[in-house]
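Read the figures in this text as sums done on the coordinates, not as results from a lab. From a predicted model like this one, the values you see are computed outputs, not experimental measurements. Counting neighbours? That spans all protein chains shown, and the Cβs are built from the backbone with ideal geometry, glycine included.
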């Protein structure tokens with residue numbers, strides 16, 4: 001009997017395994033409407049924190065950042081921003097015994113101003129009340145560490161002749177005297193950097209490259225990070241008094257400035273000031289950022305001046321597993337998403353409620369509408385963020401999901417703090433190949449496979465970026481295009497998948513993008529996207545079918561000739577398709593070869609600065625062009 005039961009059991013298991021092996025991942029249908037929900041994509045979402053020391057030399061870094069398509073840089077060092085003295089070029093390191101060290105924001109701003117034509121810089125105003133003044137009273141940590149091996153008291157307040165606690169921990173035996181290494185720093189002192197950079201007799205920087213200014217950094221937790229000056233912690237109301245005073249002064253000096261705040265620390269602090277203060281005014285309970293918006297709204301009603309332009313938060317999100325990490329982009333706008341890391345939102349109504357649907361940016365917009373009225377123009381941004389996992393393919397997909405979601409919803413700025421392998425590749429794909437306006441894309445299984453579609457201003461060029469979050473299976477995706485007529489034929493695809501653990505992004509022409517093509521027929525195409533992948537499909541709207549030009553022997557134009565550093569190639573066929581570009585010497589020996597996703601209109605740009613002076617041959621190959629031209633490199 002037992003033997004018979006075992007055979008039946010074995011047969012059931014075998015049939016079950018066979019059935020499972022035949023299960024096919026669900027096909028996906030995406031509908032794109034090129035004229036629905038069209039909105040400009042802010043270039044500032046293609047940003048990161050710092051960014052000027054990633055290569056061995058600044059020259060290499062500069063080219064790397066340009067090739068990657070970095071469009072926005074938040075500079076200042078996080079918690080180290082709060083006590084920056086721009087006059088003395090000094091700041092306090094609150095996470096390192098409050099020691100004072102040199103920091104030159106002028107040098108960073110000079111690089112942004114002079115070396116990057118399409119990069120915005122974001123700096124910070126100080127609201128802490130004190131700024132660095134002298135490094136003479138720094139704690140001699142090296143000598144103390146040598147005498148006390150294993151000591152870990154770097155968070156103690158020791159600058160200013162403090163007495164260290166040899167047992168480590170966060171509390172010194174005697175705190176240092178902060179008046180020895182810092183000075184009072186009122187609103188007039190902090191906003192005077194605007195005159196220093198942009199005013200008459202100043203450094204002459206272009207103020208339009210420095211529109212965004214943070215209202216300090218994570219002030220809601222200063223009681224812990226900056227207890228050397230913030231003991232006891234000021235109230236939410238007192239901080240907003242400082243905020244409002246400084247914002248008025250900044251707007252007076254630079255009316256076009258974008259004030260970004262309150263730079264909240266994390267999910268808890270989106271709702272709570274100073275860890276746990278319950279904010280009430282005239283009997284009404286306010287969460288922290290709701291209160292910021294309320295106070296700025298009151299001033300707007302009195303003066304007509306908006307004292308906040310971007311609601312700026314930090315987010316180091318909780319995730320319990322990979323599946324949760326792949327859904328983190330839903331925190332901001334998805335009203336149906338139960339976020340496992342929900343915490344502060346449970347205090348939304350003043351108590352402790354069973355709330356887990358975050359949709360924090362939608363809440364910001366609703367609060368702004370209440371306080372400022374409709375069409376208020378106040379946007380949202382994330383100036384510190386981590387993708388969570390560090391595995392490159394997960395990183396790429398999570399980061400891509402955020403870039404696409406933020407583009408779709410008009411988020412103003414996005415500057416990740418943690419930067420892992422896979423992010424340069426993803427930034428490059430979006431910044432260099434996505435267009436300037438987001439339009440509607442709807443997926444049949446949105447939470448697994450999403451499409452993020454952008455078009456140019458004239459709606460005659462389109463990029464559809466498909467993100468597959470499935471960790472196991474590839475997906476068969478059919479994309480139906482409306483209000484965007486595409487000629488039947490082959491179009492370029494660029495894909496990130498199966499990324500290795502080491503960095504693959506080297507330059508615009510040397511990276512991990514896999515170039516391929518997809519066939520469009522009757523405004524529809526079907527593509528197979530691998531698990532954990534990001535795939536861009538580059539399309540061109542044209543009334544001319546591919547079949548009309550197949551017999552043509554298309555030529556190319558190159559400019560300038562002679563060239564010194566850059567060479568621009570125009571292909572007369574105007575057909576979007578994978579294209580190979582080859583540079584050879586006069587004997588025909590191949591020197592460079594690169595694959596380009598030609599979009600049918602934008603000239604291909606090559607960097608020839610590394611070539612020696614002389615004559616070269618340039619060959620362009622695709623389905624509609626095989627042409628060779630000579631050119632000269634001169635210096």
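What whole-number distance in Å separates the alpha-carbon centres of the stretch 213-240 and the stretch 312-374? Each part reduced to its Cα centre gives a spacing of 23 Å.
Mind pulling the angle between the C-alpha long axis of helix 187-198 and the longest principal axis of the chain? Nearest 10 degrees, somewhere in 0 to 90. Long axis of 187-198 versus the principal axis of the chain: about 40 degrees. In whole angstrom, the stretch 285-369 maps to an equivalent ellipsoid with semi-axes of 28, 14, 10, each derived as √(5λ) from the alpha carbon gyration tensor and ordered largest first. Helices in the chain, meaning DSSP H runs of at least 4 residues, each add -39500 (n - 2.57). Divided by all residues, the mean residue ellipticity at 222 nm is -7000 deg cm²/dmol. Relative to the first principal axis of the alpha-carbon coordinates of the chain, what is the inclination of helix 392-408, with its axis defined by its Cα atoms, in degrees from 0 to 90 and to the nearest 10? For helix 392-408, the angle is close to 80 degrees.
State the Cα centre-to-centre distance between the stretch 587-629 and the stretch 87-146 in whole Å. That distance is 45 Å.
In the frame of its principal axes, the stretch 32-79 has Cα extents of 45, 28, 12 Å, reported largest first.
The three principal axes of the Cα atoms in the stretch 35-173 give end-to-end lengths of 65, 34, 31 Å, sorted in falling order. Gain on full extension, evaluated as 0.36 nm per residue between residue 498 and residue 613 minus their Cα-Cα distance, stands at 37.5 nm. Over the stretch 344-419, the ratio between the Cα radius of gyration and 2.2 N^0.38 Å evaluates to 1.32.
In plain terms, the chain from residue 510 to residue 104 could stretch by 142.8 nm, reckoned as 0.36 nm per residue minus the Cα-Cα distance.
Value of Rg to Rh for the stretch 550-633, rounded to two decimals, is 0.95; Kirkwood radius and Rg both from alpha-carbon coordinates.
Here the stretch 410-438 and the stretch 148-164 have alpha carbon centers that stand 40 Å from each other. If R0 equals 41 Å, the separation of the Cβ atoms of residue 167 and residue 305 corresponds to a calculated FRET efficiency of about 0.20.
Each of residue 192 and residue 590 was given a label point 7 Å from its Cα along the Cα-to-Cβ line. The distance between the two points is 6.2 nm. Here the residues 163, 59, ranked from fewest to most Cβ neighbours within 10 Å of their Cβ, fall in the order 59, 163. The C-alpha atoms of the chain define a longest principal axis, and helix 236-253 lies at about 60 degrees to it. Take the Kirkwood radius over Cα pairs of the stretch 186-295, plug it into Stokes-Einstein at 10 °C and 1.306 mPa s, and you get 104 µm²/s for translational diffusion.
In the stretch 198-270, Cα pairs under 8 Å separated by at least six residues give a relative contact order of 49 percent. Approximating the spin labels as points 7 Å out from Cα along Cα→Cβ, the residue 40-to-residue 362 distance works out to 2.6 nm. Here r is the Cβ-Cβ distance between residue 348 and residue 324 and R0 is 22 Å; the resulting FRET efficiency, rounded to 0.05, is 0.55. The Stokes-Einstein estimate for the stretch 106-221, based on a Kirkwood radius over Cα pairs and taken at 37 °C with 0.692 mPa s viscosity, is a diffusion coefficient of 192 µm²/s. Based on alpha-carbon atoms, the Kirkwood radius and the radius of gyration of the stretch 443-546 give Rg/Rh equal to 0.98. With a cut-off of 8 Å between alpha carbons and a minimum separation of six or more residues, what is the relative contact order of the chain in percent? Answer for the chain is 13 percent.
Take every DSSP beta bridge whose two residues both sit in the chain; close to 75 percent of them are antiparallel.
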